[in-house]
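Comments concern the structure below.
Bear in mind that the values in this text are calculations on the coordinates, not laboratory data. Predicted model only: the values in this text are computed from it and were never measured.
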Amino acid sequence: MYIGVANLVSLMSYERNTYHNMSKLIFYLVIAILIYWLINNRKSKHMKKETLIKPIEDMVCCTHCGIHLPKSEAILIHKDYFCCKEHCNQHISH
């Protein structure tokens, strides 16, 4: 079987063009994946910042020692706030 020079050149040119087209396809695919990853990465960081923000809570002062603590963690007895049961008991016993 005889392949003419023109046919051989045409075949080589076709293979070169196919390789070039595949390279372009892979390049654009990688770019698309990077853009997709960057967009999702920014969204997740933005959502993380929103979830880290806690509502502001009132602070109270321990009647016994004067330390400030969140109202939800304090012990309330007779309109007085305490940081622990020990301070509550010491204050009541005095």
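Amide H to amide H, with H built 1.01 Å from N, VAL60 comes under 5 Å of LEU69, LYS71, counting only residues 5 or more places away or on other chains. 3J(HN,Hα) along the range 67-82, derived from phi through the Karplus expression 6.51 cos²θ - 1.76 cosθ + 1.60 where θ = phi - 60°, amounts to 6, 9, 8, x, 4, 5, 9, 7, 9, 9, 9, 6, 6, 10, 9, 10 Hz, with x in place of Gly and Pro.
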